[in-house]
1. Just for the range 102-116: of the residues that are loosely packed, with under 15 Cβ neighbours inside 10 Å and out of contact with any strand residue (DSSP E or B) (no Cβ under 6 Å at 6 or more places or on another chain), which one is farthest from residue 74 (Cα to Cα)?
2. Could you please find all residues in the range 111-163 being over 17 Å from residue 47 (Cβ atoms), over 19 Å from the mean Cα position of the chain (by Cα), part of a loop (DSSP other than H, G, I, E, B) and in contact (Cβ under 8 Å) with a residue 12 or more places away in the chain?
3. Test residue 36 against the criterion of being part of a strand (DSSP E or B) and either free of Cβ contacts under 8 Å to residues at least 12 places away in the same chain or closer than 18 Å to residue 122 by Cβ (or both), and give yes or no.
4. Which is farther than 30 Å from residue 50 by Cα and touching a helix residue (DSSP H, G or I) at 6+ places or on another chain (Cβ under 9 Å), of 137, 127, 119?
5. Condition (residue is crowded, with 20+ Cβ neighbours inside 10 Å, within 15 Å of the chain's Cα centre (by Cα) and not in a strand (DSSP E or B)) applied to the range 51-70: is it met by at least one residue?
6. For the range 171-182, give me each residue that is at pLDDT 95 or above and in a loop (DSSP other than H, G, I, E, B).
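The values are calculated or read from the model by the stated rules, or taken from the named source; none is laboratory data. A quick note: this is a predicted structure, and the numbers were derived from the prediction, not measured. Counting neighbours? That spans all protein chains shown, and the Cβs are built from the backbone with ideal geometry, glycine included.
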């Protein structure tokens, strides 16, 4: 584990200039990008302390944490692995800078509270879309907003939708899906 006495020396201004954008697949009328920032230091030691504070989507202890993070009214998917931070979806470099700046402040604040946080080393894996699909009604009714039940299952797998978004899911399958996603 990381010694808890100093936050990694991150030069936020230099890192802001180092943000790279790559195209992401989505249906937004405005830009749709994934932002990437490389650090000089490996931040993996923060992961066991960060995991209990966020909604973890995927976690390999001491290696990678993918989680949802809310900024304002928007949720961003964040991936922190070693010295690489990825987040999205952002519309442009200005939004990427704002999100990154707030995220670094969040991490700094978390670091100050590490002594109060019980580290979590339990891995997290999201179920694959086909595993989720087994529990859906397979009607392709589009009432959830997706074209097919399989597309909806993929959204649940990526934590971009919740099982409750399907109005035709029976109570038993809803409970089974909830337990699968825990």
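1. Pass one, the range 102-116, residues loosely packed, with under 15 Cβ neighbours inside 10 Å: 102, 105, 108-109, 112-113, 115-116.
This time we only want the ones that are out of contact with any strand residue (DSSP E or B) (no Cβ under 6 Å at 6 or more places or on another chain), so: 105, 108-109, 112-113, 115-116.
On the way: 105: 17, 108: 21, 109: 20, 112: 25, 113: 25, 115: 29, 116: 28 Å.
Checked the range 102-116; the qualifying residue farthest from residue 74 (Cα to Cα) is 115.
2. Those that are over 17 Å from residue 47 (Cβ atoms), over 19 Å from the mean Cα position of the chain (by Cα), part of a loop (DSSP other than H, G, I, E, B) and in contact (Cβ under 8 Å) with a residue 12 or more places away in the chain: 135, 136, 137, 139, 141, 143, 144, 145, 146.
3. Spelling it out, it is not the case that residue 36 is part of a strand (DSSP E or B) and either free of Cβ contacts under 8 Å to residues at least 12 places away in the same chain or closer than 18 Å to residue 122 by Cβ (or both).
4. Working: 127 fails: farther than 30 Å from residue 50 by Cα; 119 fails: farther than 30 Å from residue 50 by Cα.
None of the other options fit; the residue is 137.
5. Yes, some residue in the range 51-70 is crowded, with 20+ Cβ neighbours inside 10 Å, within 15 Å of the chain's Cα centre (by Cα) and not in a strand (DSSP E or B).
6. Across the range 171-182, there are no qualifying residues.
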